[in-house]
1. Within region 75-121, which residues are polar (S, T, N, Q), assigned to a helix (DSSP H, G or I) and loosely packed, with under 12 Cβ neighbours inside 10 Å?
2. Which condition does residue 28 not pass, out of (1) surrounded by 14 or more Cβ atoms within 10 Å (Cβ to Cβ); (2) closer than 14 Å to residue 92 by Cα; (3) more than 12 Å from the chain's Cα centre (by Cα); (4) modelled with pLDDT of 90 or more, if it passes all the others?
3. Could you check region 1-25 and list, in sequence order, the residues that are surrounded by 11 or more Cβ atoms within 10 Å (Cβ to Cβ), in a helix (DSSP H, G or I) and touching a helix residue (DSSP H, G or I) at 6+ places or on another chain (Cβ under 9 Å)?
4. For region 52-74, what are the residues that are exposed (fewer than 15 other Cβ atoms within 10 Å of the Cβ), closer than 20 Å to residue 102 by Cα and at pLDDT below 95?
5. Does region 26-59 hold any residues that are in contact with a Phe, Trp or Tyr (Cβ under 7 Å, 6 or more places away or on another chain), of a type in the set (S, T, N, Q) and in a strand (DSSP E or B), and which are they?
Amino acid sequence: MVLQMIPYEFSICKVEDISGEILRQEYTFTASTDSELSLICRTSAVPQNVTIVENGWKCFRIAEDAAFEKYGMIAFLTKIIADQKTGVLVIATYDTDYLLVKEEKFQEVSNALTENGCRFI
């Protein structure tokens, strides 16, 4: 499986409002539920109105066709990551899937993924 490293540090935030410029930034993901509004973005783009922020996340994406009909890609990757005793956050977009792990575990995770047949570009 081909994976692509996204060359930024990411932050996971709880915010009061999401609007304006942040929504036009590359690599910005939002989630709205009945109890919270969350934002995942590059650390350099964290807005002022955060109530909680956790910095230090690295991101990679599946860099090959991740069509809805392909089964098991995320299960394969998250099993390898879990075997490293590392948490993972998965984000799906229409075109592909993104996985975030803590920066201090990223090298260990990328080594394990490579050992299991993945290739980073």
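1. Hits for region 75-121 are 107, 111.
2. Every condition holds for residue 28 apart from (3).
3. 22, the sole residue that qualifies.
4. If the condition is that a residue be exposed (fewer than 15 other Cβ atoms within 10 Å of the Cβ), closer than 20 Å to residue 102 by Cα and at pLDDT below 95, then no residue fits.
5. none
The values are calculated or read from the model by the stated rules, or taken from the named source; none is laboratory data. Just so we're clear, the structure is a prediction, and the values are computed from it rather than from any experiment. We place every Cβ from the backbone using ideal geometry, glycine too, and count neighbours over all the protein chains shown.
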